[in-house]
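> Structure provided below as structure tokens; questions to follow.
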Amino acid sequence: MVKMRAAEFGCAVAVLFALLIVGKADVYIVTIEGEPIISYKGDVDGFEATAVESDEKIDTTSESVTSYARHLESKHDMLLGMLFEQGTYQKLYSYQHLINGFAVHISHEQAEKLMRAPGVKSVERDWKVRRLTTHTPQFLGLPTGVWPTGGGFDRAGEDIVIGFVDSGIYPQHPSFASHNSDPYGPVPKYRGKCEVDPDTKRSFCNGKIIGAHHFAKAAIAAGVFNPSIDFASPMDGDGHGSHTAAIAAGNNGIPVRMHGHEFGKASGMAPRARIAVYKALYRLFGGFVADVVAAIDQAVYDGVDILSLSVGPNSPPATTKTTYLNPFDATLLSAVKAGVFVAQAAGNGGPFPKTLVSYSPWIASVAAAIDDRRYKNHLMLGNGKILAGIGLSPSTHPNRTYTLVAANDALLDSSVVKYSPSDCQKPEVLNKNLVQGNILLCGYSFNFVVGTASIKKVSETAKSLGAIGFVLAVENVSPGTKFDPVPVGVPGILITDVSKSLDLIDYYNISTSRDWTGRVKSFKGIGSIGDGLMPILHKSAPQVALFSARGPNIKDFSFQDADLLKPDILAPGSLIWAAWSPNGTDEPDYVGEGFAMISGTSMAAPHIAGIAALIKQKHPHWSPAAIKSALMTTSTTLDRAGRPLQAQQYSETQAMKLVSATPFDYGSGHVDPRAALDPGLIFDVGYQDYLGFLCTTPGIDAREIRNYTNCACNYTIGHPSNFNSPSITVSHLVRSQTVTRTVTNVAEQETYVITTRMAPAIAIEANPPAMTLKPGASRKFSVTLTVRSVTGTYSFGEVLMKGNRGHKVRIPVVAMGYQR
């Protein structure tokens, strides 16, 4: 969802100008000695302990928490006041809850001075983040399989608070209305505040939306914040934030209407869950880590249960070598310690390997799938040819054909050529008398790719000239161009296959007679456009979307393979209908609309956040790791037709093809909400286990770990592969290695038989072959991997635990053999 626009260039110039005036200043994130609230054990005189155990919420109302928070903030202010003169720096945020530090706007020289100051642990220059950018409840089996167990859709997600760190929310949208539902009572555990709209003076909250803040201090300091389009409030100036909030927790049964057609009913995964908005992303520039960290810090302090993050770093940070310890992931580790489940978009850099932007074991990293809807349409020509294309549009009048007129043949005069008239973006350059009552032919140029031209504008041009419909033909295509169907109010079709576009152009040229100057004497080409409003449902779903980021996971920014599988899970993320903000312009085809159908791992993460809310509602005392385990071990690696999942990939000619998918594409598999509510066994871990994983990962500096966690490395798990995750990854298998796992029974007493399978290059064996667990009991088992042949590639397999009461617990196994 990252596009360069002309406005961004203007923004960049403004920023440059601002920086020239003040001398080169940047935002820096600084961490300092001393424990944050979440891990402070009471060793400062006069301040009681505030630390929480693993998976426990911070009691922010207690006097000990508020007084220690004031103490930390005054230390931050004192340090800055001692080092620098008043007016030469600007402190933007004090971080006290999850990390102890602050964000400050200072010059490079001041940053170097700060780095050398006693008590300062790290100074990192802020860097940018970006957005990772409906039928899915039925596709996932929610209305029949899951909601009735939670009391039906009118109770699904009741009193669970989902926090969204995104581009804000459009509170007037029917997906977030509270007047048509049972009244929402107070949620005592949530203490977030609601900002008031500076223009209307109305609160952003309504019972359904329970908290609303915005964070823009780093963006303002960088000189890129424009209040007229970015809104100095939680208002969504982009659309992305409203879309993700509606996917996870939008109201049930909201009609998706556009251009007079109802495309179906939209619903969130957990339609009764509450929404807490932490706006830190903006339309043109994305956002800054300093603002995002402040938003996460506030969300955890306020008491959210689930965090949905459709955001990832633009590039690796400059100072931390370890992927797991960038300020983003380190803050999220503290969030998980406070009992918050975190779903994060895996990234949109696919289908290439090692493109993930979500790395750590404490985060659920979500890949994007294509669900079972495909929107197809066709153009019938007078010569009998039928050209396939895409277009969410009504058909032309049945049993009638219409004359085809190319935009280039309908120019008012030759001087308008400079406006790329074939794009059909400017009705005023075309001759209405020639176009009226006919089908307008337009060309899909590079302007559509960069966002300066849109299909929506083509349909508006056709309508204003009285055309019966339009055809947009793609004549040349750059590798990897992705075409999404766009809803339009007039008959319209996008011909994406270049060879089909050439068929159309040949037919048009043969049928159109011209004089010696090339002017058209008569238009004789005819055609009609089919109905593209109804989706075709495919059994081959789900498939891993082409753009979805792929593993293997990396442990450092030299791209060394990690002993941890990512992504974790696959969820719908392609062509997802959900709420949109009418002032959002992130997608030119949906400007001014109330709904949008867009794609991205941005759309997949809130599906998991919403389903996690349903699990949390049923099992309120489960840890974030238990929820993640339930989602992963019950997921499926088969499509609707019962065949192994496939992934979209590029062929040698850069066309798209389907290949067999692997855990590097889908993690454990595609989410199955019904099974996740009753997983049988869970792989549970707590804060100590995460520390053990960090301390055992080769190449991580123990001082770096201490900097970010305030903990010494006095706990080891032998090898990072022994971390108790619901997947096994050994990136460098020499001869033979045994890894251990511990499962906990969350159901009745059950006997499980353990079976294994693996690609032939590596032998696999599990021990014991069977075990019986009483309710609440935990048992260890081991898995031994042995190299049979060195292939230079990863081998994939699984461990399957089948219970005699019907539970199935499956974990993926990934290994690369280096030596027999």
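> Return yes when Val591 is β-branched (Val, Ile, Thr), more than 17 Å from the chain's Cα centre (by Cα) and surrounded by fewer than 20 Cβ atoms within 10 Å (Cβ to Cβ) and no when it is not. Walk me through it before giving the result.
Details: β-branched (Val, Ile, Thr): yes; more than 17 Å from the chain's Cα centre (by Cα): yes; surrounded by fewer than 20 Cβ atoms within 10 Å (Cβ to Cβ): yes.
So Val591 passes the test.
> May I pose another question? When you scan the stretch 49-96, how many residues do you find that are modelled with pLDDT of 90 or more, within 32 Å of the chain's Cα centre (by Cα) and part of a loop (DSSP other than H, G, I, E, B)?
Qualifying residue count for the region: 1.
> Among residues belonging to the stretch 422-447 that are touching an Asp or Glu at 6+ places or on another chain (Cβ under 8 Å) and crowded, with 24+ Cβ neighbours inside 10 Å, point out the one that is nearest to Pro394 (Cα to Cα).
My answer is Cys442.
> Of (1) exposed (fewer than 13 other Cβ atoms within 10 Å of the Cβ); (2) not in a helix (DSSP H, G or I), Arg703 satisfies all except one. Which?
Failed condition: (2).
> Let me ask another. Pairs please, first residue from the stretch 102-114 and under 11 Å from Lys24 (Cβ atoms), second anywhere and assigned to a helix (DSSP H, G or I), Cβ atoms under 6 Å, 6+ apart in sequence or on different chains.
Note: no pairs meet the criteria.
> A follow-up question, please. Could you tell me which numbered condition Asp556 fails, if it satisfies all but one of (1) closer than 20 Å to Ile493 by Cβ; (2) open to solvent by 20 Å² or more (accessible area, probe 1.4 Å)?
(1)
> Just give me the residues in the stretch 174-187 being open to solvent by 10 Å² or more (accessible area, probe 1.4 Å) and touching a Ser or Thr at 6+ places or on another chain (Cβ under 9 Å), in sequence order.
Once the filter is applied, which keeps residues that are open to solvent by 10 Å² or more (accessible area, probe 1.4 Å) and touching a Ser or Thr at 6+ places or on another chain (Cβ under 9 Å), the stretch 174-187 yields only Tyr184.
> Out of all the residues in the stretch 331-340, which are within 19 Å of the chain's Cα centre (by Cα) and assigned to a helix (DSSP H, G or I)?
So in the stretch 331-340, the residues within 19 Å of the chain's Cα centre (by Cα) come out as 331-333, 335-336, 340.
Passing the criteria: Thr331, Leu332, Leu333, Ala335, Val336.
> As an exercise: evaluate Ala156 against (1) open to solvent by 10 Å² or more (accessible area, probe 1.4 Å); (2) within 24 Å of Pro620 (Cα to Cα); (3) at pLDDT below 85 and give the number of the one condition it does not meet.
Unmet for Ala156, out of (1) open to solvent by 10 Å² or more (accessible area, probe 1.4 Å); (2) within 24 Å of Pro620 (Cα to Cα); (3) at pLDDT below 85: (1).
> Any residue in the stretch 658-676 that is part of a loop (DSSP other than H, G, I, E, B), over 16 Å from Gly551 (Cα atoms) and in contact with a Gly (Cβ under 7 Å, 6 or more places away or on another chain)? Talk me through it step by step, then tell me what you get.
If we filter the stretch 658-676 for residues that are part of a loop (DSSP other than H, G, I, E, B), which is where we start, we get 661-662, 667-669, 671-672.
Then keep just the ones that are over 16 Å from Gly551 (Cα atoms); that gives 671-672.
Subsequent filtering for residues that are in contact with a Gly (Cβ under 7 Å, 6 or more places away or on another chain) retains none.
Checked against the condition, which is being part of a loop (DSSP other than H, G, I, E, B), over 16 Å from Gly551 (Cα atoms) and in contact with a Gly (Cβ under 7 Å, 6 or more places away or on another chain), the stretch 658-676 yields no hits at all.
> Keeping to the stretch 220-243, report how many residues are part of a helix (DSSP H, G or I) and touching a strand residue (DSSP E or B) at 6+ places or on another chain (Cβ under 6 Å).
6
> Let me ask something else. Taking the options Lys500, Lys524, name whichever one is modelled with pLDDT under 90 and among the basic types (Lys, Arg).
Working: Lys524 fails: modelled with pLDDT under 90.
Exactly one residue qualifies, and that residue is Lys500.
> Right, next: Exactly one of these conditions fails for Thr134: (1) open to solvent by 20 Å² or more (accessible area, probe 1.4 Å); (2) modelled with pLDDT under 85. Give me its number.
The failed condition is (1).
> Across the stretch 28-39, what is the number of residues that are open to solvent by less than 20 Å² (accessible area, probe 1.4 Å) and at pLDDT 90 or above? Explain how you work it out, then say what you get.
Filtering the stretch 28-39 for residues open to solvent by less than 20 Å² (accessible area, probe 1.4 Å) gives 28-32, 36-39.
Next cut, at pLDDT 90 or above only: 28-32, 36-37.
Adding up the residues that qualify gives 7.
> Being under 31 Å from the mean Cα position of the chain (by Cα) and of a type in the set (Phe, Trp, Tyr) is the filter here; which residues of the stretch 715-730 pass it?
If we filter the stretch 715-730 for residues that are under 31 Å from the mean Cα position of the chain (by Cα), which is where we start, we get 719-730.
Answer for the stretch 715-730, where residues must be under 31 Å from the mean Cα position of the chain (by Cα) and of a type in the set (Phe, Trp, Tyr): just Phe723.
> Can you pull out every residue in the stretch 684-701 that is over 15 Å from Pro720 (Cβ atoms) and either touching a strand residue (DSSP E or B) at 6+ places or on another chain (Cβ under 7 Å) or not charged (D, E, K, R) (or both)? Quick ask: steps written out before the conclusion?
Keep residues of the stretch 684-701 that are over 15 Å from Pro720 (Cβ atoms), which gives 684, 686-687, 701.
Asp684, Gly686, Tyr687, listed by residue number.
> Does Thr50 satisfy being on the phi < 0 side of the Ramachandran plot, β-branched (Val, Ile, Thr) and crowded, with 18+ Cβ neighbours inside 10 Å? Don't jump to the end; show me each part of the working.
Details: on the phi < 0 side of the Ramachandran plot: yes; β-branched (Val, Ile, Thr): yes; crowded, with 18+ Cβ neighbours inside 10 Å: yes.
Yes: the conditions hold for Thr50.
> Another question about this same structure. Among the listed residues Asp689, Asp684, which satisfies the condition of being of a type in the set (Asp, Glu) and open to solvent by 50 Å² or more (accessible area, probe 1.4 Å)?
Of the residues listed, the single one that is of a type in the set (Asp, Glu) and open to solvent by 50 Å² or more (accessible area, probe 1.4 Å) is Asp684.
> May I pose another question? Quick one: how many residues across the stretch 613-640 are open to solvent by 50 Å² or more (accessible area, probe 1.4 Å) and either aliphatic (A, V, I, L, M) or within 13 Å of Tyr666 (Cα to Cα) (or both)?
Summing the residues that are open to solvent by 50 Å² or more (accessible area, probe 1.4 Å) and either aliphatic (A, V, I, L, M) or within 13 Å of Tyr666 (Cα to Cα) (or both) in the stretch 613-640 gives 1.
> Please state which one of Thr512, Thr517 is assigned by the TED database to the domain that holds Gly443, among the hydroxyl-bearing types (Ser, Thr, Tyr) and over 25 Å from Phe470 (Cα atoms). Before you say what the answer is, go through the steps one by one.
Working: Thr512 fails: over 25 Å from Phe470 (Cα atoms).
Thr517 is the lone residue from the list that is assigned by the TED database to the domain that holds Gly443, among the hydroxyl-bearing types (Ser, Thr, Tyr) and over 25 Å from Phe470 (Cα atoms).
> Looking at the stretch 379-386, can you tell me whether even one residue there is open to solvent by less than 10 Å² (accessible area, probe 1.4 Å), of a type in the set (A, V, I, L, M) and part of a loop (DSSP other than H, G, I, E, B)?
The answer is no; no qualifying residue exists.
> Would you please list the contacts, defined by Cβ atoms under 9 Å and residues six or more apart or on different chains, that run from a residue in the stretch 67-89 that is surrounded by fewer than 16 Cβ atoms within 10 Å (Cβ to Cβ) to a residue that is of a type in the set (D, E, K, R) and not in a helix (DSSP H, G or I)?
Every condition considered, the pairs that remain are Ser67/Glu48; Asp77/Lys91.
> List pairs: first in the stretch 638-663 and farther than 17 Å from Ala367 by Cα and of a type outside the set (Ser, Thr, Tyr), second modelled with pLDDT under 85 and open to solvent by 60 Å² or more (accessible area, probe 1.4 Å), Cβ under 8 Å, 6+ apart or cross-chain?
Listed by first residue and then by second, the contacts come to Arg640/His538; Arg640/Lys539; Ala641/Lys539; Gln654/Pro479.
> Just checking, does the stretch 164-178 include any residue being out of contact with any strand residue (DSSP E or B) (no Cβ under 6 Å at 6 or more places or on another chain) and not in a loop (DSSP other than H, G, I, E, B)?
Checked against the condition, which is being out of contact with any strand residue (DSSP E or B) (no Cβ under 6 Å at 6 or more places or on another chain) and not in a loop (DSSP other than H, G, I, E, B), the stretch 164-178 yields at least one hit.
> Give the residue, chosen from Gly34, Gly42, Gly46, that is assigned to a loop (DSSP other than H, G, I, E, B) and under 30 Å from Ser107 (Cα atoms). Walk me through how you get there before you give the answer.
Values: Gly42 fails: under 30 Å from Ser107 (Cα atoms); Gly46 fails: under 30 Å from Ser107 (Cα atoms).
Going through Gly34, Gly42, Gly46 in turn, just one is assigned to a loop (DSSP other than H, G, I, E, B) and under 30 Å from Ser107 (Cα atoms): Gly34.
> Looking at the stretch 365-378, I want the residues that are part of a strand (DSSP E or B) and at pLDDT below 80 and have a partner that is charged (D, E, K, R) and crowded, with 23+ Cβ neighbours inside 10 Å with Cβ atoms under 8 Å, at least 6 apart or on another chain. Which pairs are those?
Filtered contacts from the stretch 365-378: no entries.
> Can you pull out every residue in the stretch 762-812 that is under 21 Å from Pro552 (Cα atoms), in contact with a Gly (Cβ under 6 Å, 6 or more places away or on another chain) and open to solvent by less than 50 Å² (accessible area, probe 1.4 Å)?
The answer is Ile762, Ile764, Val787.
The values are calculated or read from the model by the stated rules, or taken from the named source; none is laboratory data. It should be emphasised that the depicted structure is a prediction, and the values quoted were computed from it without experimental measurement. Quick reminder, even Gly has a Cβ in these numbers, built from the backbone with ideal geometry, and neighbours come from all protein chains shown. These area figures cover heavy atoms from the full protein model, side chains too; ligands, DNA and RNA do not enter into them. Shrake-Rupley method; radii C 1.70, N 1.55, O 1.52, S 1.80 Å.
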